[in-house]
Amino acid sequence: MSEKNNSPRYTLGQRIFYFLGSMDLAITLLLALAVASIIGTVLQQNQPYTDYLIKFGPFWFEVFETAGLYDVYSALWFLAILCLLVLSTSVCVIRNTPTMLKDMWNLRTHVQEKSLQAMHHSQQWGVSSTLGDAVSNTQAELESQGFRVKQTPKEEGVVLISAMRGGMNRLGYVFTHLAIIVICLGGLLDSNLYLKLAEWQGKISVETRDLPTSKIPDKSRLAPGYQAFRGSIHIPEGRTSEVAFVAMRDGYLVQELPFKVKVKDFRIEHYATGQPKSFESDLVVYDDDLTAPLEQTISVNHPLIYKGYAIYQASFSDGGTGLTLDAWPLNKQAGNDTVTFETKVFENRKMHWGEDSVQLEVTAFRPFNINPDPTEDDVKRLRNFGPSFGFKLRSKTGEAKEYLNYMLPVPRNGRDFYLSGVRNSPADEFAYLYLPLDSDGELVGFNQFLSVLHDNDKVKQVAKTMMLETLASVKNNDETLEQNLQRTLTMLVKMFIRGGFVEVTEFIETSLPEAEKETLGPAYLSMLREMLARLYFNDLIEIDTTEQERDAQLLFLQDSVDAIGSFSRYGSPVYLELTDYQHVQASGLQIARSPGKPIVYFGCALLIIGVFVLFYLPQRRLWVRVNKENNGSNILLAGMSNRNPREFDQYFEQIAQQLKLKVGNSSVK
Amino acid sequence: MTIKSGMINNETSSPVDQWLWRGLMLLAAIVLINRYIDILDSYELSITVFTAVCLALLGQNWPGFRRHVVVVSVLSFLGVQRYGSDLGLAETDFLLNFILASQSAFMWMSALFVMATFAYFVGLLFRSPFTEKVGSALTWSAMTMGMVGLMVRWRESYLISPDVGHIPVSNLYEVFILFAVITALLYLYYERRYQTRSLGGFVLLVISASVAFQLWYAFEKQAHEIQPLVPALQSYWMKIHVPANFVGYGAFAMAAMIGVAYLLKSWRQEIKPQGILATALPDLSMMDDLMYKAISLGFAFFTVATVLGALWAAEAWGGYWSWDPKETWALIVWLNYAAWLHMRMTKGWNGRPMAWWAVIGLFVTLFAFLGVNMFLSGLHSYGTL
Ligand code: HEM
């Protein structure tokens, strides 16, 4: 669509003005905003930057970062589209409002007879009443139909009655579009734009390190003020805070509050089915302006609003639960005895298990684990797996494995186990270690078996017995063969407790001569199994057992062997058994100030009123031109509506009928 | 006055009927409030009054709607009465087991909607006004059963346990039923107003599709079980936000299906102007008009719903707008239809592209409604698949 003749006559400013107010631009911007918004929903926003790096690789990570795709909605280009929309709408409103307002009031008294006749809705008829009667009757009838009416005497013997209903429709336009501007401006007040500006001017800088609050530099602190922010903070029960953390890109800022908040207590209530029913915190606000501290309980959907700061129940986490742990040694270096010690969630401490010291970092605690029950067919059947805690073991080199241990035993095939998950990175799934429990439901039995396997003398002893029995059947008294066999047997056990079946098979693959692999391999493995069984039963004191007990022992042996076989992958020198805990929770609060909120709400009200008026209050105009004739009057009725043409067809017809009825006996021309 | 097909039906009920109806609604509201004044809070009071006013307005010139409200009330009452305080009766009481228990009522609704779809299409293709009338009757019945089911389910949730009880608009399964009922109601309104039944099959097609999904969802995922509300949903805003949203979704879905009919007709008109579809479907201009009506209705209600959502978010999440995926997709839907409305006004585009756009709009809406729950995670993850 080229408009050839507009170039010379308009100045550049005017042309820009018209461009901004054009419908084409409006539609383009609406759709552009829609498409831009999609990006932000497809790409999860405001995740840790390392996650993006892993997901996209270093090249695309940077491209996306430059494009602001990790926080689309505060990216400059997104704001630019939004501003352009506001600008365009403003221009539209500025340009159209004067005519619209005029249109609202103006009854159009200057319409010519010809144009009335030419209107799509137009009728003409004669009546016997006089001009004066016809005019006053018409006016009365139209007014009773809710029209605003005005008479204009025209040339001699002619009166034009102009009528309008629903002039407010035009106000609907103004309201709707004004609302968009108001909402966007209000929203802008509540956005983090001022933070970006301050950052750009170098007044503040985003902190990315994990520091104690007191150590965070001033440049990353925001003084209490009137600006908008949305921050969050986790406060353990019984503790107090006077700051909130505002997340920004890959770091945060500290927003100082003009008061202190204490979380006295945090509660979760559950339905009978185990699902959470409510999250509540008892808060106390301390402020010098208060005569007494303000106490209030907040819950989801019921925030506390104080001095324009709204405090919401957003989440919860651990507040440093105290844990009592038993460390069961899993290898020789870690010793033979269990050690009991205490620690806390989020506490890091050096542990000396064996040669190396490792750092134990307790990361999480959960008092309940309501999970689908794997033993039920119905996946929706839930079960409480009891408390669990998560921790990391960090070696000197800084590498860490992550663990998740359950406090209660978990049944599997009818036997009870302690469950411990392990993984190398958060991206992996947990692999589980199953430690079998003895008939008393404890780890003692397993630990005893493990000690036996580590006991060189006992292993040698059993190896000797087994060697003698084996060679007795072949009737052999070759010294070296005896020694070799005994050594092999002990070595197999050693290899097994070091690296499980994997190491044994590896040994078979790499060390045995090619020719003997086929025959010796399986033989080695069955000898190892025999050794393990002998070591186990050798150590059991009770001799006369029932068959049932015997079966149970065999299964226990099997489970123990399986568990020991996976130690090398488990990677921890000890198993940490949770024996007791003091649960301390932290309430996750969101603290926000949004000074733009009333403006936005006002805009929303405008918008709703505007849209409904625009759609459901049609502006209808009628003109009645009464013309004096010899024996009565001639009436010309014309009308138009700015929407719902179909309904207006009938409406016009009805009005015409009414007028014919009321204005005097008629003879339709 | 006889009314031609396609002409607006402005028929009004007699003043006696009108006043009787208004009086009945007033009486119902008074009885309800009087009886439960001790436990109603101010929000519930205003919702009660608001509902009564809406019903009075909708029904004053619409006999079909009046019948619907009365039948739904009677049947729901009967259902609640039958239950007493024993949820177990759902399986032993004949009336509950086969008709009134929410699951049974929903099954009836589903079957009737599918039958109605067939009836409408048969009526359209064989030019049989009677069969089309049957389609209308079936749609009314389906809608009635759906509504009764929702009412009874509301009660059932309280029978499970008082703290579990809630209005059945809280998860994906429940809102699917709401969607079917509301879309049918909107359609029936326009069917009467425009005196045309030939679009029924098209609109009912989208309802049948949602019914199919809802059945799959119930049988495959056991989604029909009543679940207690997570804390974020325990808010009076939910009661109005969700229905307002579904008036929007329903209207958009209807517009899209009229768009389909429009495209079919304009295509057949070119190829075979005397063919059944070309002659049986309403005028293009009328469908265009209806499409516009539906989209503006949807837009208005969607605006209200989004604002209500923002008010709720301000209370539950600490900010009226968080760019959560569901929120953002509501905005996308809204912007899309705003663009549609403006495009229509510039007149540059004639009916066909606008019809295509309305159809595409349904997919955008569908994504906002379902896709977000399926593919995107966010604060709004209440109904996952
Ligand atoms: C988010 C932004 C906007 C929204 C939500 C919006 C909404 C609306 C709505 C709902 C209507 C009524 C449509 C109808 O009657 O079918 C309308 C009409 C209109 N809009 Fe917008 N609009 C927006 C932006 C704009 C912009 C940027 C312009 C400037 C070009 C504009 C110009 C108009 C005009 C000229 C009308 C016709 C009014 C009339 O004559 O009745 N709109 N708008």
- Message: Just to check I understand the Karplus step: with θ = phi - 60° and J = 6.51 cos²θ - 1.76 cosθ + 1.60, what whole-Hz values come out for the stretch A:321-333, glycine and proline as x?
- Response: 4, x, 10, 10, 10, 9, 9, 8, x, 10, 9, 4, 4
- Task: Please arrange B:Met151, A:Met527 by accessible surface area, largest first, computed with a 1.4 Å probe and ligands excluded.
- Result: B:Met151, A:Met527
- Task: Would you mind checking the tilt of helix B:102-125 against the longest principal axis of the Cα atoms of chain B, expressed as 0 to 90 degrees and rounded to 10?
- Result: 10 degrees
- Task: Over the protein assembly as shown, average the accessible area per residue using a 1.4 Å probe and give it in Å², no decimals.
- Result: 49 Å²
- Query: Relative to the present Cα-Cα distance, how much length would full extension add between B:Phe130 and B:Ala209 at 0.36 nm per residue of separation?
  - Reply: 26.0 nm
- Compute the long axis of helix B:236-271 from its Cα atoms, compare it with the longest principal axis of the Cα atoms of chain B, and write down the angle in degrees, 0 to 90, nearest 10. 20 degrees
- Calculate the length of the line joining the C-alpha centroid of the stretch B:105-130 to that of the stretch B:33-96, in whole Å. 27 Å
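Under a 1.4 angstrom probe, counting protein chains only, how are B:Asp283, A:Asp539, A:Asp559 ranked by accessible area, largest first?
Values: B:Asp283 95, A:Asp539 55, A:Asp559 15 Å².
Descending order: B:Asp283, A:Asp539, A:Asp559.
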- ³J(HN,Hα) across the stretch A:482-498 via Karplus (A = 6.51, B = -1.76, C = 1.60, θ = phi - 60°), whole Hz, x for Gly/Pro? 4, 5, 4, 5, 4, 5, 4, 5, 5, 4, 4, 4, 4, 4, 5, 6, 7
- Of A:Lys262/A:Lys344; A:Lys332/A:Lys517; A:Lys597/B:Lys326; A:Lys150/A:Lys662, which sit over 25 Å apart, Cα to Cα? A:Lys332/A:Lys517
- Residues in the stretch B:209-240 that, when all protein chains are in place, have 40 Å² or more less accessible area than the chain alone would give (probe 1.4 Å): B:Pro228, B:Pro231, B:Gln234
- Query: Excluding ligands and nucleic acids, what accessible area in Å² is computed for B:Tyr173 using a 1.4 Å probe, to the nearest 10?
  - Reply: 0 Å²
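Relative contact order, percent, of chain A when contacts are C-alpha pairs under 8 Å separated by at least 6 residues?
22 percent
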- Query: Roughly how tilted is helix B:172-194, in degrees to the nearest 10 and between 0 and 90, from the longest Cα axis of chain B?
  - Reply: 40 degrees
- Roughly how many Å is it from the Cα centre of the stretch B:135-208 to that of the stretch A:581-629, as a whole number? 28 Å
- Query: Non-local amide H neighbours of A:Ser128 (under 5 Å, H modeled in plane, Pro and chain starts lacking H): which ones?
  - Reply: A:Ser633, A:Asn665
- Average Cα contact separation per residue, the stretch B:45-187, under 8 Å, 6 or more apart, as relative contact order %: 21 percent
- Most mobile of B:Ala29, B:Ala119, B:Ala251 in a GNM of chain B (Cα contacts under 10 Å): B:Ala29
- At a probe radius of 1.4 Å, what is the per-residue accessible area of A:Trp60, in Å² to the nearest 10? 130 Å²
- Task: Any chance you could look up the accessible area of A:His302 with a 1.4 Å probe, heavy atoms only, rounded to 10 Å²?
- Result: 100 Å²
- Message: Under 8 Å for C-alpha pairs, at least 6 residues apart: give me the relative contact order for chain B, rounded to a whole percent.
- Response: 14 percent
- Can you spot the aspartates and glutamates whose alpha carbon is less than 19 Å from A:Lys307's alpha carbon? Ignore those fewer than 8 places along the same chain. A:Asp190, A:Glu242, A:Glu256, A:Asp282, A:Asp287, A:Asp288, A:Asp289, A:Glu295, B:Glu315
- Quick one: Karplus J couplings for the stretch A:347-352, per residue in order, coefficients 6.51, -1.76, 1.60, θ = phi - 60°, nearest Hz, x for Gly and Pro? 9, 10, 8, 7, 10, 10
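The values are calculated or read from the model by the stated rules, or taken from the named source; none is laboratory data. Everything numeric in this text was worked out from a predicted model, so none of it was measured. Remember, those area values only see protein heavy atoms, side chains included, never the ligands or the DNA or RNA. Shrake-Rupley method; radii C 1.70, N 1.55, O 1.52, S 1.80 Å.
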